[in-house]
Amino acid sequence: MGKNRTILKTKAQEILFMELNDTYGHEVGDRALVAISEVLQEQFPGQAYRISGDEFAIALSGISLEQAFLRMEGLRQHISESQHRFRTGELSSREFTATIGVAQYPRDAKDAAALRRSADAALENAKENGRNQVSLPPNEEMIMKSCYYPSSMVRRLKTLAEKLKKKESVLLREALSDLLHKQDRIDEQQ
């Protein structure tokens, strides 16, 4: 088993591949998958594999989790900058992006099946946080905190989350992160 394993999942401008196939036909969807496969084989020869549908795995070994994450971020950017390879015929106005989950053996799993599940969890995390990004699996050290909020605040948060097309938990984490950064700046000034 390699040291790191990543799973890459692609989408076409808010159209998932299933919808792409339904809208434009399987031939168009297949051409998009071939273009993505070619990019992956160019960037990671002998390391990229199609798992199923629009899901690919890239097996990297002998590099750190940080290096794997940065390489996947580079791949995500490369796909974003390579639109000309995907925009043919019916897809000329669509934007292709990559959503990527990165998991590492043995940090995130002790065997191949668990590594795949960890990479899937990282991929789901990236999708939940807005797609077109690289993500790691949720950390076991993350803990739930019970809090009570006035119902008016919860309704406003829900409305904002729908407006921004983000999950409420993502908005709460962003707000907490901003608060902590603000406090760090105050502490530095004192």
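The values are calculated or read from the model by the stated rules, or taken from the named source; none is laboratory data. On a predicted model such as this, the values are computed, not experimentally measured, just so you know. Cβ coordinates were reconstructed from backbone atoms using ideal geometry, including for glycine residues, and neighbour counts include every protein chain displayed. Accessible surface is based on the protein model in full, side chains and every heavy atom, while ligands, DNA and RNA are left aside. Shrake-Rupley method; radii C 1.70, N 1.55, O 1.52, S 1.80 Å.
Of the residues making up region 109-135, those that are within 18 Å of Ala161 (Cα to Cα), surrounded by fewer than 21 Cβ atoms within 10 Å (Cβ to Cβ) and among the hydrophobic types (A, V, I, L, M, F, W, C) number 0. When Glu140 is tested against the conditions (1) open to solvent by 60 Å² or more (accessible area, probe 1.4 Å); (2) modelled with pLDDT under 85; (3) of a type outside the set (A, V, I, L, M); (4) within 25 Å of Arg76 (Cβ to Cβ), the lone failure is (4).
Cβ separations smaller than 6 Å between residues 6+ apart or across chains give the following pairs from region 78-95 residues that are more than 15 Å from Asn21 (Cα to Cα) to residues that are at pLDDT 80 or above and in a helix (DSSP H, G or I): Arg85/Ala35. You will find that of Asn125, Asn132, the residue that is in contact with a Pro (Cβ under 8 Å, 6 or more places away or on another chain) and either assigned to a helix (DSSP H, G or I) or touching a residue at least 40 places away in the same chain (Cβ under 8 Å) (or both) is Asn125 and no other. Taking Asp178, is it within 24 Å of the chain's Cα centre (by Cα), within 26 Å of Ala68 (Cβ to Cβ) and either open to solvent by less than 70 Å² (accessible area, probe 1.4 Å) or modelled with pLDDT of 80 or more (or both)? So Asp178 fails the test.
Can you pull out every residue in region 144-175 that is of a type in the set (S, T, N, Q) and modelled with pLDDT under 85?
Quick first cut of region 144-175, residues of a type in the set (S, T, N, Q) only: 146, 151-152, 159, 169.
If the condition is that a residue be of a type in the set (S, T, N, Q) and modelled with pLDDT under 85, then Ser146, Ser151, Ser152, Ser169 are the ones that fit.
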